[in-house]
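See below for the structure under consideration.
The values are calculated or read from the model by the stated rules, or taken from the named source; none is laboratory data. Every value quoted in this text rests on a predicted model; they were computed, and no experiment measured them. Glycine also receives a Cβ, built like all others from the backbone with ideal geometry; neighbour counts cover every protein chain displayed.
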Ligand code: MN
């Protein structure tokens, strides 16, 4: 068994290259097999990812707070703690916190790195839905 107490997990800034607003990552994958990328992601109110896709899809589990997930097909869902969202491989989407709430989600992916698209999520897209 490997126990990693919460204070030993590094929550590092995600920076602004692929995000709008303040976002932190906590790397949660453990043990020798890192084929599953388990990432805690904390968004401040209004913070969100850029548009992106995942090579093998992505499961998001909303741990706390409230947020939004939107696809480029125009579908937007509002999510709160306990919700699960699955984005299939290659589906263009973004996720982030609501305007007035923090949001933490767990991101579960396999198959390698996120494919970032050049577009930031503008305020109009963000407010939609
Ligand atoms: Mn995603």
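Which residue is nearest to residue 10 (Cα to Cα), if the candidates are limited to segment 40-56 and must be assigned to a strand (DSSP E or B) and within 10 Å of the ligand (Cβ to nearest atom)?
Our first condition is that a residue be assigned to a strand (DSSP E or B); within segment 40-56, this holds for 40-43, 48-49, 52-53.
Filter again for within 10 Å of the ligand (Cβ to nearest atom), leaving 41, 49, 52-53.
On the way: 41: 12, 49: 20, 52: 24, 53: 25 Å.
Top of the filtered list is 41.
How many of the residues in segment 9-26 are at positive phi and in contact (Cβ under 8 Å) with a residue 12 or more places away in the chain?
Step one: filter segment 9-26 for residues at positive phi, giving 15, 21.
Subsequent filtering for residues that are in contact (Cβ under 8 Å) with a residue 12 or more places away in the chain retains 21.
Of the residues in that region, 1 qualify.
Go over the candidates 29, 35 one by one and state the one that is touching a residue at least 60 places away in the same chain (Cβ under 8 Å), farther than 11 Å from residue 97 by Cβ and in a loop (DSSP other than H, G, I, E, B). Show your work before the answer.
Values: 29 fails: touching a residue at least 60 places away in the same chain (Cβ under 8 Å).
Of 29, 35, the one residue that is touching a residue at least 60 places away in the same chain (Cβ under 8 Å), farther than 11 Å from residue 97 by Cβ and in a loop (DSSP other than H, G, I, E, B) is 35.
So which strands (runs of 3 or more DSSP E) stay within segment 57-129 end to end and still have 3 or more residues that are within 11 Å of the ligand (Cβ to nearest atom) and either closer than 16 Å to residue 21 by Cβ or at pLDDT 95 or above (or both)?
Working: elements: 58-71, 76-80, 84-87, 93-97, 103-109.
Per the criteria, 58-71, 84-87, 93-97, 103-109.
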